[in-house]
Amino acid sequence: MQYRDYYRIMGVERTASAEDIKRAYRKLARRYHPDVSKEPKAEERFKEIGEAYEVLRDPEKRAAYDRLGSQWQPDQDFTPPPGWARTAHGNAAGGHVFEGDNFSDFFESLFGGGRRGAARGSDEVAHLTITLEEAFHGATRPLRLTIPRHDAHGRLAPETRTLNVRIPKGVQQGQQIRLAGQGNPGPAGAGDLYLEIAIAPHALYRVDGRDLYLTAPVSPWEAALGARLKVPTLAGTVELRLPEGSQSGQKLRLKGRGMPGATPGDQYVLIEIVNPKVDSEHARELYRTLARDLAFDPRAHWGTT
C-alpha cells in the first residue's frame, strides 16, 4: 500500500485554509471532470481529487491525517503506525468512518477501520451561462445536467437530470449558486452542486461589476446644441439630458440604473459623435459651409499649421 499526499494532490500547502482547499477542489474538479476533460487519465485523477477533498475538508479527518506527519513521500510504502486505529477512530475522528469501493486502500486503512460509518458525497461544479436580463431581473429556468455517479460496482456512469434553478436577482459574473444535496451521492447523503455563473455578452451593454456601460451614438448637432435622449436601461427607457458642447468619449451617469444589489450599480452612457454620410452634392455643400463659416481647427494645439 502506498502513501498518498493529499495536500500535494490538491496543490495546496499543509497550512491551507478550509476556503483555500474548497477553492482548489472546485478548480481541479472542473479541469478533470470526466464528462468534459481532455486530460489523460481524467477519471482516475477526478477520483483521486475527490478522495483528497473528502479528507481535507473535514476538520476531524484532516487532523487525524496530519498526525501522520509530513515525513512520508508520495507512493512510498505505507503502514499505519501502531495504535493508529484507536487514535484515528476514537474521539478525535468523531466516528467519521468509511467503507466502500470509491476510495483507495490508503484511505480505507486510515478511515475504514472495519466500522460502518457515514460518508457524504463529494461536491460538484458546473457552469451556467445566462442572459444579462436574467441576471438583472432574476429568473427560474430548467437545467439539464449530466453528472457522473458511482454504480454498485464503484464505476463512474453518467446520469442525466433536469433541475429547476432559481437565478437570484443581481447575480454577478463568476458567482456560484449552491444547490444543496445535488452533488455526488454518499451513504450519509449527497454533496452539493455549485453552479458557476457566466453572463453572456450583450448587444448593447458592457458589464463591469455592478455597473453597466452603454454607448450612445449622437449627431454632431445634438452634441453641439444639446438634446434630450431616450436611453434604454434594463429597467425601461429613461430620458437623459445631453449637455450643449458634448464631446465623443464623454461619460454621463444614470445613478442606480446598473445591476441590483445592496448598493445598486450605475449605468454609464458613453457619448459617440456619428457624422451623417456625405452621399449627395447637397450634403457636401453643407459641410463646405460649416468649414468656411466656423473656421474650426481641431488640431490647432499641435502647432503644425
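The values are calculated or read from the model by the stated rules, or taken from the named source; none is laboratory data. Note that the structure is a prediction, hence the values are computed from the model and not measured. As a convention, Cβ positions derive from the backbone with ideal geometry for all residues, glycine included, and neighbour counts pool all protein chains shown. Surface accessibility is based on the protein's heavy atoms, side chains included, excluding ligands, DNA and RNA. Shrake-Rupley method; radii C 1.70, N 1.55, O 1.52, S 1.80 Å.
Numerical summary
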| item | result |
| --- | --- |
| Contacts under 6 angstrom Cβ, first residue in region 252-279 being farther than 24 Å from Ser219 by Cα, partner open to solvent by less than 90 Å² (accessible area, probe 1.4 Å) and assigned to a strand (DSSP E or B), 6 or more apart | Arg257/Gln267; Gly258/Asp211; Gly258/Leu212; Gly258/Gln267; Gly265/Asp211; Asp266/Asp211 |
| The one condition in (1) open to solvent by 40 Å² or more (accessible area, probe 1.4 Å); (2) touching a Gly at 6+ places or on another chain (Cβ under 9 Å); (3) under 28 Å from Leu28 (Cα atoms); (4) modelled with pLDDT of 80 or more that Ala135 fails to fulfil | (1) |
| Glu19 under 16 Å from Glu124 (Cα atoms), of a type in the set (Asp, Glu) and out of contact with any helix residue (DSSP H, G or I) (no Cβ under 7 Å at 6 or more places or on another chain) | yes |
| Residue that is modelled with the highest pLDDT, among those in region 138-177 that are among the basic types (Lys, Arg) and out of contact with any helix residue (DSSP H, G or I) (no Cβ under 8 Å at 6 or more places or on another chain) | Arg166 |
| Filter result for Ala295 (surrounded by 10 or more Cβ atoms within 10 Å (Cβ to Cβ), more than 30 Å from Tyr205 (Cα to Cα) and free of Cβ contacts under 8 Å to residues at least 60 places away in the same chain) | no |
| Failed condition for Ala126, given (1) open to solvent by less than 30 Å² (accessible area, probe 1.4 Å); (2) touching a Leu at 6+ places or on another chain (Cβ under 8 Å); (3) at pLDDT 80 or above; (4) not in a strand (DSSP E or B) | (4) |
| Residues that are open to solvent by 70 Å² or more (accessible area, probe 1.4 Å) and either closer than 30 Å to Gln172 by Cα or of a type in the set (Asp, Glu) (or both), drawn from region 271-292 | Glu272, Asp279, Glu281, Glu285 |
| Number of the condition not met by Lys27 [criteria: (1) free of Cβ contacts under 8 Å to residues at least 40 places away in the same chain; (2) buried (at least 16 other Cβ atoms within 10 Å of the Cβ)] | (2) |
| Among the candidates Ala262, Ala198, Ala235, residue that is modelled with pLDDT of 95 or more and under 30 Å from Gln176 (Cβ atoms) | Ala235 |
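Rundown of residues vs (1) at pLDDT below 85; (2) surrounded by 17 or more Cβ atoms within 10 Å (Cβ to Cβ), yes/no style:
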position	(1), (2)
Tyr6	no, yes
Met10	no, yes
Arg14	no, no
Ser17	no, no
Asp35	yes, no
Lys38	yes, no
Arg45	no, yes
Ile49	no, yes
Pro59	no, no
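Yes or no, residue by residue, for (1) closer than 24 Å to Pro142 by Cα; (2) open to solvent by 30 Å² or more (accessible area, probe 1.4 Å):
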{"position": "Leu195", "(1), (2)": "yes, no"}
{"position": "Ala200", "(1), (2)": "yes, yes"}
{"position": "Tyr213", "(1), (2)": "no, yes"}
{"position": "Ala227", "(1), (2)": "no, no"}
{"position": "Ser246", "(1), (2)": "no, no"}
{"position": "Lys255", "(1), (2)": "no, yes"}
{"position": "Val269", "(1), (2)": "no, no"}
